[in-house]
Amino acid sequence: MQNKQSGFDIDLGNQCSQNAFSWAKKTFANRAGKAGQVVLKVDGAFSNMLDFNGVKIGITSDGIGTKIEVAERTGIYDTLGYDLVAMVADDLIAGGFVPTNISNIIDVDNLDYNIIDQLMRGLHHAANFAGIAVTGGEIAELGSRISGWGNNMHFNWCSTAIGVLHPRLQHPVDGSAVHEGDAVIALRSRGFRSNGFSAVRKIMQEQFGNQWHTQPYSDGQSWGEILLTPSLIFAPAVTNVINEGIGIKGIAHITGGGIADNFRRVLKVNRMGANLHNLFEPHPFMVQLANYGHVTPQQAYLYWNMGNGMLLITANKDAEKTVELLNTAGEYQAQVAGHITAKRRITIETVWGSIITALENE
């Protein structure tokens, strides 16, 4: 599918990712039978597991992409650390791994001490929120190989994080225990998190021109500020649910590819589907942006999380207690969003009507 708003081909991106993984997977044999052997139960999992003589470690890598341009436009850099941590910490907890450490690399054109200080201050705050340590990093000066908006320092920011399998779990959370009738619980996102910003920026450029970030949104906030809303890190709240002994059967971190593409990674293990009739509604600015760009509902729920940053699957009997635990854990909002079905499709009820994604051919 061509993403007309950003110019990217989503299907080609998926094919390239699958090809890259196929080459990477060929190297797993290098650690077979040794400390650090790769234990891959599910292709497409949000993180991989390494087994160090019985100590099970999860590892994953990600970055914050072109949301960086919004920071360059607004001059606000100290919230990006939440996006960087959320992308990897929430991938880890999606497998039942409690995040412990993060390492990061900042590629820059030219150094600016004050911007680096803001970035790292924000990473410090986000790491404290997630309960993890920043144990490695590098700043690489790459000159004209890095570019961006405006005249200040331009950069890319990526990270790798590790975590340990929660002590209550014998195996990673991978969807293998999911059955028809199980409950699906949604955790509300604050905004776009760190995905779909190529489409966001193109729509805003076409709507308002080059200074789109200065356009007022509401309550004294500009469009630049509202789009820079930092990601809420879900890992601590989900860890608390596991601490309480609730069996979580599947977890989907809703990132690039939206709800259907990410949720199917969990559902494909047992060839299940889902009816999501009570998701959180998209934030008003998401709806407004979709209207600006003439984005169809199908496209919007493919590019963006549309107000739902993570989906959990539990037994129906555990759903009420899980929601209660999540809703009493600080800033989080959770609700039962639907149920697992035997029919191989995901049905998403939206403010615009139903979206159905068939899964029969997987």
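The values are calculated or read from the model by the stated rules, or taken from the named source; none is laboratory data. Just so it is clear, the model here is predicted, and its values are computed rather than measured. As a convention, Cβ positions derive from the backbone with ideal geometry for all residues, glycine included, and neighbour counts pool all protein chains shown.
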Residue match in region 315-335 (condition: surrounded by fewer than 17 Cβ atoms within 10 Å (Cβ to Cβ), of a type in the set (Gly, Ala, Ser) and without any contact (Cβ under 8 Å) to a residue 24 or more places away in the chain): no
Among the candidates Thr100, Thr60, residue that is closer than 12 Å to Ala161 by Cα, in contact with an Asp or Glu (Cβ under 7 Å, 6 or more places away or on another chain) and in a strand (DSSP E or B): Thr60
Given (1) of a type in the set (A, V, I, L, M); (2) out of contact with any strand residue (DSSP E or B) (no Cβ under 9 Å at 6 or more places or on another chain); (3) buried (at least 17 other Cβ atoms within 10 Å of the Cβ), number of the condition Met306 does not satisfy: (2)
Some residue of region 284-297 being more than 17 Å from Ile254 (Cβ to Cβ), surrounded by fewer than 18 Cβ atoms within 10 Å (Cβ to Cβ) and modelled with pLDDT under 90: no
Residue that is nearest to Ala45 (Cα to Cα), among those in region 246-271 that are modelled with pLDDT of 95 or more and part of a loop (DSSP other than H, G, I, E, B): Ile254
Lone qualifier among Glu320, Glu281 - being within 22 Å of the chain's Cα centre (by Cα) and among the acidic types (Asp, Glu): Glu281
Number of positions in region 103-114 that are under 14 Å from Glu141 (Cα atoms) and assigned to a helix (DSSP H, G or I): 1
Entirely in region 115-230, the strands (runs of 3 or more DSSP E) that have 2 or more residues that are without any contact (Cβ under 8 Å) to a residue 40 or more places away in the chain and farther than 27 Å from Lys56 by Cβ: 133-141, 216-218
